[in-house]
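The values are calculated or read from the model by the stated rules, or taken from the named source; none is laboratory data. From a predicted model like this one, the values you see are computed outputs, not experimental measurements. All Cβ positions, even for glycine, are placed from backbone atoms using ideal geometry, and neighbour counts span all protein chains on display. Calculation scope for accessible area: heavy atoms of the full protein, side chains included, ligands and nucleic acids excluded. Shrake-Rupley method; radii C 1.70, N 1.55, O 1.52, S 1.80 Å.
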Protein chains: 2
Amino acid sequence: MPLLGDNDKASSPQHLKSWEEKAQWARAKRDASLAKVKPVLQGVPEENDLPMNCQSLASAVLTSREIEITERYGILDLLSEMRTRRVSVEEVTRAFLRRAALAHAATNCLVELLWDEAIERAKYLDALPEPQGELFGLPISTKEHQGMVGENITSSASFVAWLGKKHGSNLLYDTFWEQGCVFYARTTQPQAIMHLETSSNVYGRTVNPYNRRLTPGGSSGGESALLGMRGSILGVGGDIGGSIRCPSAHVGVYGFKPSLKRISTTGLIAPAAGKETIGACPGPMTVDRDALDLFMRVAVAAKPWRIDPSLTVKEWTPYKFTSPPKVAIQWWDGVVQPHPPMTRALREVAEHCRNAGMEVVDWDCEGLNHQEGWDILSALYFPDGGKEVLNLIAKGGEPVLPLTDFIIKEQPTIKDLTQHELWELCVRRDRYRAMYAKAWSDTAKSGKEVDVIICPPSFGAATPHEHSRYWGYTSHWNLVDYPAAVFPVTKVDPILDPKDVDYVPKNEQDRFVYEMYTPERFADAPVSLQIVGRRQEDEKVLAALVEIERALGRN
Amino acid sequence: MPLLGDNDKASSPQHLKSWEEKAQWARAKRDASLAKVKPVLQGVPEENDLPMNCQSLASAVLTSREIEITERYGILDLLSEMRTRRVSVEEVTRAFLRRAALAHAATNCLVELLWDEAIERAKYLDALPEPQGELFGLPISTKEHQGMVGENITSSASFVAWLGKKHGSNLLYDTFWEQGCVFYARTTQPQAIMHLETSSNVYGRTVNPYNRRLTPGGSSGGESALLGMRGSILGVGGDIGGSIRCPSAHVGVYGFKPSLKRISTTGLIAPAAGKETIGACPGPMTVDRDALDLFMRVAVAAKPWRIDPSLTVKEWTPYKFTSPPKVAIQWWDGVVQPHPPMTRALREVAEHCRNAGMEVVDWDCEGLNHQEGWDILSALYFPDGGKEVLNLIAKGGEPVLPLTDFIIKEQPTIKDLTQHELWELCVRRDRYRAMYAKAWSDTAKSGKEVDVIICPPSFGAATPHEHSRYWGYTSHWNLVDYPAAVFPVTKVDPILDPKDVDYVPKNEQDRFVYEMYTPERFADAPVSLQIVGRRQEDEKVLAALVEIERALGRN
């Protein structure tokens, strides 16, 4: 069966009968794209023989030059090497294509490898008389539902019903393309793009490259698994409840969720187009902190508001601290106690910040009612009671997965609202946001106002599969629309992070999270933290990240 | 019956039986506030003896000193006089209080005169050891539904059902108050705050001070009537379809509708709280162009986004043209042909702009489908089918007025939407906005991009009562959320503005507007124009206004 072609039957599986056949069609299409890899990857174990921690695979499978290209350069250095033509774009592209294929073999993170397209693009860039663009030659991996530059592109957002759906580029990708990047790999997302894990009926489960029994997070978990294998150094995720930050944190890379209305969503496909209650925002996921600023700077410099009238007309203006930032530590959110390695990470970072001369205070959530925040937010996610998503799943004939049930059917707040109920909910949301803003302003009562909050990006490290059933540590910042970055701190350590056997859970969610933990279960998992700023202070969050990493002894 | 007091019966009429009694209670309360004026106004004709054009009344009724204070100063000069204590705040306040009372006698523009409160405030400011605040001593008039600084404040938004409703201040007014202003008069608005005229069952009809047979516009028509009599020099209006610009234009004063999310609406009362489809924005209405920038600068300098999390975090940054702006003239909107005086105003201003060295081009609406824009916008106004407003009117027992019927029941687009229908409508809105943005960007194809559009703020000058049944010339800029200012240009002239007897109307709306016109019917009516900028280019619009007025020979 021809997998890519002009006639409808070849480019869409919707003529097939069962959802299983359609999913099989999609996987065959993906496999065909992977089969183009040359030289063929040698020495990759069969799936059943893969090590639990896949970090050692690269050195066994890739050439030393490929490892050098994909590991040894910072992004700005790599850009500089290509711009000065000391390294060809094609060599870089081929290295990342091969490493992405390896990452897929280890974690099941890809929907499509763009072998031909990427190499053609690389050759084109190499042939230019002068290097052009801020991202000249940079390989960028992309979450599938966001679409792609190119003809014959389809996106399914992992819905069976959408397999073969024609789709074009989007405004953000157009900008990056104009700036000279190379798109080369499209990554998985979970059913409904609304799990903090990454599993779908179409592509199965994506796993964590540090421990295959754990999730790479979600919904941008294809990206994180790929980044965690260094099959990418910069990927594009999207975040409405943690979908950039949770997966970045779970593989120990950097991720940034901008404030809404800075980065365009024009051209992405996802359910609920036109819903205004709560928004998703694309953002960077990367192995290199410098790429966060680069991503934002390039995206905003294009003045996307001239095309997308939902965006704020506002330049990207890097922030500089003239004195050490004042940071507040959120030890817990008042609902669910984080696991021991997360609390240790907070303790260590707080200590480093203090040693670097920063004022460090507590961010006390007791009076801030994060549970009320979740009740509002979960209702805002599905003001139609989840009907559109459930209909789309039904239309594809596929089963509803447990984590889809969790986020729609198991949330007592979710219902199909009348317009007046919707208005009331939005008023509640706005009151909650105003209350939170006041709490932040009130920190100035005892001196300087808090610059950023440091908090967990999850209750713990990457969880065992199907256990991501508490979103509060990321989703709260979507509700109030605060920019937030995650950064790697440490790893789960059986010695340093024993279970607190005396802890008495405060509620059912807390019990679920508490009972999940043993240090052995989370072996090798990276532990990351989150830095949160006030609404629209995106630039300040990235500046604070630099200050805090300096306090940790990083440059 | 005590009209102001602590017990509920005295401060609310809701114990009364009929809507007529409740409205009578409100008018009696208003009259009691006006009865405080001292010295009592002498020489005001009885209502039936009022001249059609009330501009001559001030000189017959007020003292020459009162006229000097209320007419001879620009706002910045007046502020300077008070700040340097050459004129006391109390003297200024008393002059405006008396002139506001006269304006009310002429036009029926007030809901309440704040005699005691304003004089108390003035005395307080005069007694300060040092003048404080950017608005020190400045009298500001206010649209009633926006609320007030002060205890025992009620607002009805002209709904019978809300008469006596407790209401406090709002974020914008708090800012102005902190900056030293004096609130002294609260003005009328029409039923539902959704007519481009100003008539309600509670307060009756507000009329135009240049021609009592004409409307002062609406919904901020109490403000415009007051400003048109110079009973105020700066008022606060609000605009969701033209409610600042239409009334300002109809009395020949300046008005500015900012982009959404620059000025807070926190604390205003109006129907549909929580509706996100389309927003209203407060803004200045003033006799003095300088006050537009002053209003915006002071409001934004307070960083209201720290309290109201719906606002954009963005400083007010005055714009300077380094070369003459490129202006586009919108001769008509493709739906309704403007009346002859409006077309003459456009011609005259275009000519002056050309003479001043500006590039002047046409803004052709033919391909831009403003009618489609109205179909989207009208549906967005009432996504509940108008149920909340109609229920509120029914609850008060009052009749639905014809212009309320017009904007709700007569719009075929308006219905109570499901969530999915709402999403589809928002997608249509966003597509329309993107199309319009592209049309603007495309003006750069033939050289420099257009800086601003000059267009009518209405199909004509102030209309005869009950004739404001076409909103397109203002409401279109609410749909696309473009900032827009109006400024006075000329007056209707029977010689220069004859009816075009050969014109053949293009559609029913065009016929209605065409048939309305004779120059005699619009005698003495001011004619204004509108300057529109791209979304969020508020500062540029005000800078263009200065350039264009300079081209007209004004400073």
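Below is a table of values for the structure above.
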{"item": "Cβ-Cβ under 8 Å pairs, at least 6 apart or on other chains, region B:61-90 side modelled with pLDDT of 95 or more, far side polar (S, T, N, Q)", "result": "B:VAL61/B:GLN42; B:LEU62/B:THR70; B:ILE67/B:SER59; B:ILE75/B:THR286; B:MET82/B:SER88"}
{"item": "Selection within region B:438-466 - within 14 Å of another protein chain (Cβ to nearest Cβ), open to solvent by less than 10 Å² (accessible area, probe 1.4 Å) and of a type in the set (Val, Ile, Thr)", "result": "B:VAL450"}
{"item": "Of all residues in region B:409-437 being more than 7 Å from chain A (Cβ to nearest Cβ) and of a type in the set (D, E, K, R), the one that is farthest from the chain's Cα centre (by Cα)", "result": "B:GLU421"}
{"item": "Region A:85-114 - residue that is open to solvent by 20 Å² or more (accessible area, probe 1.4 Å) and not charged (D, E, K, R) and, of those, farthest from A:GLY204 (Cα to Cα)", "result": "A:SER88"}
{"item": "B:ALA272 being among the hydrophobic types (A, V, I, L, M, F, W, C) and modelled with pLDDT of 95 or more", "result": "no"}
{"item": "Answer residue from region B:32-51, given it is surrounded by fewer than 14 Cβ atoms within 10 Å (Cβ to Cβ) and under 20 Å from B:THR188 (Cβ atoms) and is modelled with the highest pLDDT among those", "result": "B:ALA35"}
{"item": "Count - residues of region A:396-408 that are surrounded by fewer than 17 Cβ atoms within 10 Å (Cβ to Cβ) and either part of a helix (DSSP H, G or I) or within 14 Å of chain B (Cβ to nearest Cβ) (or both)", "result": "2"}
{"item": "Residues satisfying the stated conditions in region B:173-211, i.e. hydrophobic (A, V, I, L, M, F, W, C) and either open to solvent by 10 Å² or more (accessible area, probe 1.4 Å) or in contact with a Cys (Cβ under 6 Å, 6 or more places away or on another chain) (or both)", "result": "B:TRP177, B:ILE193, B:MET194, B:LEU196, B:VAL207"}
{"item": "Matching residues, region B:359-372, being under 29 Å from the mean Cα position of the chain (by Cα) and either of a type in the set (Val, Ile, Thr) or modelled with pLDDT of 95 or more (or both)", "result": "B:VAL360, B:VAL361, B:ASP362, B:TRP363, B:ASP364, B:CYS365, B:LEU368, B:ASN369, B:HIS370, B:GLN371, B:GLU372"}
{"item": "Hey, A:ARG354 free of Cβ contacts under 8 Å to residues at least 24 places away in the same chain, over 21 Å from A:THR474 (Cα atoms) and within 14 Å of chain B (Cβ to nearest Cβ) or not", "result": "no"}
{"item": "Failed item in (1) open to solvent by 10 Å² or more (accessible area, probe 1.4 Å); (2) at pLDDT 95 or above; (3) of a type outside the set (Lys, Arg), with B:GLU151 passing the rest", "result": "(2)"}
{"item": "Top-ranked residue of region A:265-290 - restricted to ones that are touching a helix residue (DSSP H, G or I) at 6+ places or on another chain (Cβ under 7 Å) and either in the same structural domain as A:VAL389 (by TED's automatic domain parsing) or within 15 Å of A:ARG245 (Cβ to Cβ) (or both), ranked as surrounded by the most Cβ atoms within 10 Å (Cβ to Cβ)", "result": "A:MET285"}
{"item": "Residue within region A:118-136 that is under 30 Å from A:LEU214 (Cα atoms) and out of contact with any Gly (no Cβ under 8 Å at 6 or more places or on another chain) present", "result": "no"}
{"item": "Scan of region A:299-326 for residues that are crowded, with 17+ Cβ neighbours inside 10 Å, of a type in the set (A, V, I, L, M) and outside any loop (DSSP other than H, G, I, E, B), ordered by number", "result": "A:ALA299, A:VAL300"}
{"item": "Single residue of region B:70-84 satisfying the filter (in contact with an Asp or Glu (Cβ under 7 Å, 6 or more places away or on another chain) and part of a helix (DSSP H, G or I)) that is most open to solvent (accessible area, probe 1.4 Å)", "result": "B:LEU76"}
{"item": "Test: residue in region A:332-345 that is over 25 Å from A:TYR254 (Cβ atoms), crowded, with 21+ Cβ neighbours inside 10 Å and in contact with a Lys or Arg (Cβ under 6 Å, 6 or more places away or on another chain)", "result": "no"}
{"item": "Some residue of region A:244-251 being over 30 Å from B:VAL313 (Cβ atoms) and under 13 Å from the mean Cα position of the chain (by Cα)", "result": "yes"}
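Conditions (1) of a type in the set (A, V, I, L, M, F, W, C); (2) out of contact with any helix residue (DSSP H, G or I) (no Cβ under 8 Å at 6 or more places or on another chain); (3) without any contact (Cβ under 8 Å) to a residue 24 or more places away in the chain, marked per residue:
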position	(1), (2), (3)
A:PRO464	no, no, no
A:PRO483	no, no, no
A:VAL486	yes, no, no
A:LEU496	yes, no, no
A:ASP502	no, yes, yes
A:ASN507	no, yes, no
A:PHE512	yes, yes, no
